[in-house]
Amino acid sequence: MIPRATYRLQLHAGFTFADAAALVPYLDALGISHVYASPITVAAAGSTHGYDVVDPTRIDPALGGEEGFRHLVAALRARGMGVVIDIVPNHMGVAGGGNAWWNDVLAKGPASDHARVFDVDWSRRLVLPVLGDTLAATIANGDLAVEDGHVVAYGEHRFPLRADHHADDLATLLDGQHYRLASWRVANDQLNWRRFFTVNDLAGVRIEDPAVFAATHALYFRLHDEGLIDGVRVDHVDGLTDPIGYCRALRERLGPDAYIVVEKILGAGEAQPVGWGVDGTSGYDFMEQVATLIHDPLGALPLEELWQDVSGRFKGFETEEFEARQDLLAWQFSAQLDACVAAFVALNRDEAVTPAMLRRAIERLLWVFPVYRTYGTGDAAPARDAPIRGTVRERVSWLIPPGEAHVVDRILAWLAGTGPGDAADAVRRFQQLSAPIAAKSVEDTAFYRSGRLLSRNDVGFDATMLGIGVDAFHRLMVARARDMPHAMLATATHDHKRGEDVRARLAVLSTMPTAWRTRVEAWAALSWDWDHEVDGGDRYMLLQTIVGAWPGQGTSPDFADRIKAWQLKALREARLRSSWEAPDSDYEAAAAALADAYLADARFVAEVTAFVADLTPAATANTLVQTLLRYTLPGVPDLYQGTELADLSLVDPDNRRPVDYAARIALVGSNAAPAKFRLIADLLALRRAHPALFADGDYTPVAVEGSERVVAFTRQRDGRTLKVAALIRGTDVPPATVGFADGPVEAAMLFADRPVWYALD
């Protein structure tokens, strides 16, 4: 069944099924139809997110186990509600010794019954980059020991030993294992198993193998067959060998009534996954679309000039992304690149095409790839791949070494399924490399290097574009209604870089770049003896973050700690002045001291408080516009936990902090509830009263005369019409006329009380 509205819950040992069940009356009163749960299978000990699954066959006891889950479902069913669960087919957690399948592989190697589960190159021993030094040094330091059939590293990490191999000498014993213990520093270059992005604790799963598919999904299928779940959200679908084939198999097994959405980042102009057998994406694309609507595109140039002036960085976002792709491909994904090149070398039958030529071609294609991946399988490719390959060929043309264009074309032919030989493995490796390269270079690197306006640096966003016009937005919504009317609509997620109301506040700066420059220059002039050590770009992004997340009247030590935690992550992800691999403690300390100095400066605190107060009317308007559109446009609206009130969160783990539900429960039906909460409750009540209208109603743009700052549309079904209008990019009402079919209406009448309006006829 298609959910009417979902509520995302992050489950962990500190928030279990019992806690979720206690919230069911509140969620029902609010108007939610389905709980949308983070992964429920057994995760690594202490996991706070559930994506490091160590046993996909059982519900996690730390959450309450199957009994607890059944209790939650019973509480939901008693109120006519349901549940959608997050599933993780791409990878499993392999750290900490909690994964029995992985342990069996370590002990038995390719002979293990579970060896086919993991994406391992068994031409050499499985590399485990877990040591702080070389193996020889680790042995010499006494950091390895043998206990009860395991080798124990640092008194903590345990790895099973082969039952058929014994030796008195530790080095000889380890040399005879199916795995090789190695320094963590060799992972990027020597790893011979597919990991999730650059996380050594997560091993890729060969879900394309029917036996692996069956074994890892048996629990989900049983829960669905027993009526305990209504659908699934598929995590990182682009990491799979054949996402389309997987989704179709999932649909075939779950049936036509299951709700299936996929976590997929759409590139600029990339369409929803039509024909995959799913109901759409999990909503990052909508988050991007509504964000561009509330940003003023005219602010792009002055904000770019401000960024260049304060940072001294004159590279546009495209250049930052390009250089990040080059850096990461040559460094963090070196082993994966080697394996990809080797697969194409094995296909090549032209003696005039050398392995080095193939490497250069593959590298350059990955430098400019415009989307996460294509979807060919080596012997065929869907039609949606063709324009992507065309764009890649155009972009790569200036990078191709003289005389090697035919090598690039040969790679593209293999991706299209028209090259010679069995290209399945090579194509798979290319596609499973292009996806993490895109994610890491954009979301985890360039977003932290380029700071024109941080509200445009979020998961699934195109940071090269500041805003779009109303007509462009309508075109996107018409396509959504036509192609994927039941995809999720999200404006906050467990993965966002900053909360929906942080983005709404910062978006106001796009409408007032001159006034913002004045503020920035004044705050930059505040000086402390040591603050010159902090890069201007880092200072500017810090100021944006402080303004965006400012809690209101004054600050607290908690706020300072949150800001500095964000700052530390930002510095290390950018990899310009520090990194996770080689932290620059002096620079990090200087940056943290700068944050503390700002927040301890009475003048700065007073000015930020006043400035945020000035922004608040327009920021609140942006918040209400985002909310109105999420609950009225075609799709299934998702409410991320706690964001029914102001969401001023920062990047994880800040966006997964505990939620004060008592405060929210007290607001149900209260006239004292903030405008955002009341609007959500009112729209959810309307959706409950008219589910068919919202689920399948037509979407028709409504013409507006006299202003480009009003977006209006209607939803129609079975003789009922929902009329919607929103005032964007400011609070002053323009002299506009909205042309509803039953008669034009002046904007001043629609927006007399607030910047959003709707009516049901």
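The values are calculated or read from the model by the stated rules, or taken from the named source; none is laboratory data. Quantities reported herein were computed from a predicted structural model and do not represent experimental measurements. Cβ atoms come from the backbone with ideal geometry, glycine included; neighbour counts cover every protein chain shown. SASA here: full protein model, heavy atoms, side chains in, ligands and nucleic acids out. Shrake-Rupley method; radii C 1.70, N 1.55, O 1.52, S 1.80 Å.
Things worth noting here:
- Within region 99-124, considering residues that are open to solvent by 70 Å² or more (accessible area, probe 1.4 Å) and not in a helix (DSSP H, G or I), the one farthest from residue 581 (Cα to Cα): 113
- The listed residues are 196, 286, and the only one of them that is of a type in the set (Phe, Trp, Tyr), touching a helix residue (DSSP H, G or I) at 6+ places or on another chain (Cβ under 8 Å) and open to solvent by 20 Å² or more (accessible area, probe 1.4 Å) turns out to be 196.
- Residue within region 137-144 that is over 19 Å from residue 125 (Cα atoms), without any contact (Cβ under 8 Å) to a residue 24 or more places away in the chain and assigned to a helix (DSSP H, G or I) present: yes
- Filter pass, residue 235 being under 30 Å from residue 292 (Cα atoms), touching a residue at least 60 places away in the same chain (Cβ under 8 Å) and acidic (Asp, Glu): yes
- Being within 25 Å of residue 500 (Cβ to Cβ), open to solvent by 70 Å² or more (accessible area, probe 1.4 Å), in contact with a helix residue (DSSP H, G or I) (Cβ under 6 Å, 6 or more places away or on another chain) and at pLDDT 95 or above is a description that applies to residue 665.
- Number of residues in region 125-176 that are in contact with a helix residue (DSSP H, G or I) (Cβ under 6 Å, 6 or more places away or on another chain) and within 16 Å of residue 190 (Cβ to Cβ): the value is 3.
One line per residue, one yes/no per condition, for (1) over 30 Å from residue 546 (Cα atoms); (2) open to solvent by less than 20 Å² (accessible area, probe 1.4 Å); (3) aromatic (Phe, Trp, Tyr):
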| residue | (1), (2), (3) |
| --- | --- |
| 647 | no, yes, no |
| 670 | yes, no, no |
| 678 | no, no, no |
| 695 | yes, no, no |
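- Note on region 719-742: residues that are within 37 Å of the chain's Cα centre (by Cα), surrounded by fewer than 16 Cβ atoms within 10 Å (Cβ to Cβ) and within 26 Å of residue 694 (Cβ to Cβ) total 1.
- Hey, residue 754 closer than 26 Å to residue 512 by Cα, touching a Lys or Arg at 6+ places or on another chain (Cβ under 8 Å) and part of a loop (DSSP other than H, G, I, E, B) or not: no
- The set of residues from region 492-520 being in contact (Cβ under 8 Å) with a residue 24 or more places away in the chain, surrounded by fewer than 24 Cβ atoms within 10 Å (Cβ to Cβ) and either of a type in the set (Gly, Ala, Ser) or in a helix (DSSP H, G or I) (or both) comprises 511, 513, 514, 517, 519, 520.
- Residue among 606, 589, 593 that alone is of a type in the set (Gly, Ala, Ser), in a helix (DSSP H, G or I) and either in contact (Cβ under 8 Å) with a residue 40 or more places away in the chain or surrounded by 19 or more Cβ atoms within 10 Å (Cβ to Cβ) (or both): 593
- Qualifying residue in region 45-59 (condition: more than 20 Å from residue 490 (Cβ to Cβ) and assigned to a helix (DSSP H, G or I)): no
- Of all residues in region 246-276, those satisfying the criterion of being open to solvent by 30 Å² or more (accessible area, probe 1.4 Å) and at pLDDT 95 or above are 248, 249, 251, 252, 253, 256, 257, 274, 275.
- Selected residue (only one of 726, 752, 748, 759 is among the small types (Gly, Ala, Ser) and within 24 Å of residue 638 (Cβ to Cβ)): 726
- From 131, 191, 173, residue being in contact with a Ser or Thr (Cβ under 6 Å, 6 or more places away or on another chain) and either open to solvent by less than 20 Å² (accessible area, probe 1.4 Å) or without any contact (Cβ under 8 Å) to a residue 12 or more places away in the chain (or both): 131
- Filter result (without any contact (Cβ under 8 Å) to a residue 24 or more places away in the chain and among the small types (Gly, Ala, Ser)) within region 637-665: 642, 662, 663
- Within region 356-398, the residues that satisfy the criterion of being outside any loop (DSSP other than H, G, I, E, B) and under 25 Å from the mean Cα position of the chain (by Cα) are 363, 365, 366, 367, 368, 385, 387, 388, 389, 391, 392.
- Some residue of region 316-339 being farther than 30 Å from residue 199 by Cα, open to solvent by 40 Å² or more (accessible area, probe 1.4 Å) and part of a helix (DSSP H, G or I): no
- Scanning region 3-16 for residues that are open to solvent by 20 Å² or more (accessible area, probe 1.4 Å) and either touching an Asp or Glu at 6+ places or on another chain (Cβ under 7 Å) or not in a loop (DSSP other than H, G, I, E, B) (or both) yields 12, 15.
- Sole exception among (1) open to solvent by less than 50 Å² (accessible area, probe 1.4 Å); (2) more than 26 Å from residue 487 (Cβ to Cβ) for residue 623, by number: (2)
- Among the conditions (1) buried (at least 23 other Cβ atoms within 10 Å of the Cβ); (2) more than 20 Å from residue 58 (Cβ to Cβ); (3) out of contact with any Phe, Trp or Tyr (no Cβ under 6 Å at 6 or more places or on another chain), the only one that residue 240 does not satisfy is (3).
- Considering residues of region 354-370 that are over 12 Å from residue 437 (Cα atoms) and among the aliphatic types (A, V, I, L, M) only, the residue surrounded by the most Cβ atoms within 10 Å (Cβ to Cβ): 361
Conditions tested, residue by residue: (1) of a type in the set (A, V, I, L, M, F, W, C); (2) open to solvent by 20 Å² or more (accessible area, probe 1.4 Å).
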{"position": "18", "(1), (2)": "yes, yes"}
{"position": "22", "(1), (2)": "yes, yes"}
{"position": "33", "(1), (2)": "no, no"}
{"position": "46", "(1), (2)": "no, yes"}
{"position": "58", "(1), (2)": "no, yes"}
{"position": "83", "(1), (2)": "yes, no"}
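- Among residues of region 560-575 that are more than 11 Å from residue 542 (Cα to Cα), those with a Cβ under 6 angstrom from a residue that is hydroxyl-bearing (Ser, Thr, Tyr) and open to solvent by less than 10 Å² (accessible area, probe 1.4 Å), sequence gap 6+ or separate chain, pair up as 572/578.
- Selection count where residues are on the phi < 0 side of the Ramachandran plot and either among the aromatic types (Phe, Trp, Tyr) or surrounded by fewer than 23 Cβ atoms within 10 Å (Cβ to Cβ) (or both), scope region 410-428: 12
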